[in-house]
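Right, one structure below, let's go through it.
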Amino acid sequence: MHTTRHDWTKAEIADIYHRPFLDLVYEAASIHRANKDYNEVQISSLISIKTGGCAEDCAYCPQAARYNTDVNVHALMKVSEVVSAAVRAKEGGASRLCMGAAWREVRDNRDFDRVIEMVRAVNDMDMEVCCTLGMLTESQAQRLADAGLYAYNHNLDTSEDDYKRIISTRTYDDRLNTIKNVRKAKLTVCSGGIIGLGETVEDRVSMLHTLANMPKHPESVPVNALVPVKGTPLEDQPRVPIWDMVRMIATARIVMPNSVVRLSAGRTEMSTLEQAFCFMAGANSIFAGDKLLTTPNPAFVDDMAMFELLGLKTREAFKNGRPAAVRREEEALLSE
């Protein structure tokens, strides 16, 4: 079995990333196949419950109010609308619903009360619920946990050194603190980043170093390829080569062997063969449905055809137990 470590050096991770391509994929695939469920892929559906008008200045994001993009501002969805979207996603094969709101941070108001209702409603449908709502306090994380939230997404985006070039409206420590608050509420963590922002390979290695050396690895690690959007500062960035995506996925699989590595944004640009390489290298989760917040994504029917072709099967919800049960188990271990 591959030992799970939390003491990786940047030099070790860089050495893995730069290995000859086929050697790298072989090692990652070997680690991935050591897990008896290596051919299981979780399907998640992502909906934007509140779109546009965000006060942040993330250079890649069309939802920032300061950029002139084609994204229309939409107020917070109704609970019934979210339930309808969850039903469609579940019928399409999704076992997790991720809800994203274009907020800088969560505020304790009626909108957050409505999000809590959404979490309860989707959790009652036997789907894992994930939220990405911006910065979060410990008490807010606890409220979400009490409502049945399974995971909270808060990506690092890039390395600490590169971060200021991409975002100036919050700090890297703000992101890390939100992740700490999520952990305190015994929620699972979904945290990864984006490649193709104009970062260096050293930045990619540094971001993986931060994730892999957390006291507990994120249960889910999304690897996104930038989808350049007209009107944002990064609109002219070139497409990320598939070789870079596979290297990131393979390296993440090796340094975080038990995490779910999510093949996220940028999949529309990939052929079935290119996606197959990503699955071989250790990706075992995708977003499905026609949209990722505001950017296009392959349809459920196309993904099901790909799964059949590649011999993949869908992962059921709550494979590792429901949040409350997992929390009770951890608390029992701590009290022994």
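The values are calculated or read from the model by the stated rules, or taken from the named source; none is laboratory data. These numbers come from a predicted model, not from an experiment. Neighbour counts are summed over all protein chains in view; Cβ atoms, including those assigned to glycine, are modelled from backbone coordinates with ideal geometry. When the accessible area is computed, the model is the full protein with side chains, heavy atoms only, and any ligands, DNA or RNA have been set aside. Shrake-Rupley method; radii C 1.70, N 1.55, O 1.52, S 1.80 Å.
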1.4 Å probe accessible area per residue over the chain, in Å²: 44 Å²
For the chain, share of DSSP beta bridges that run antiparallel, in % to the nearest 5: 10 percent
Cα Rg over Rh - the range 71-139, Kirkwood: 0.97
Mean Cβ count within 10 Å, highest first, over the residues of peptides 81-87, 39-45: 39-45, 81-87
The chain: Rg to Rh, with Rh as the Kirkwood radius over Cα pairs: 0.93
Most to least accessible of Phe318, Phe112 (protein chains only, probe 1.4 Å): Phe318, Phe112
Largest-first principal axis extents, alpha carbons of the range 168-275, Å: 39, 34, 24
Solvent-accessible area of Lys78 with every protein chain in place, 1.4 Å probe, in Å² to the nearest 10: 130 Å²
Size of electric dipole in the chain: Cβ of Lys, Arg +1 and of Asp, Glu -1, about Cα centre, debye, nearest 20: 480 debye
Percent carbon-and-sulfur accessible area, the chain, ignoring ligands, DNA and RNA, probe 1.4 Å: 51 percent
Segment Glu117-Lys186, extension gain: residue separation times 0.36 nm, minus the distance between their alpha carbons: 22.9 nm
Global geometry of the range 132-182, whether rounded, prolate or oblate, following the gyration tensor of its Cα atoms and the 1.5 cut on a/c: prolate
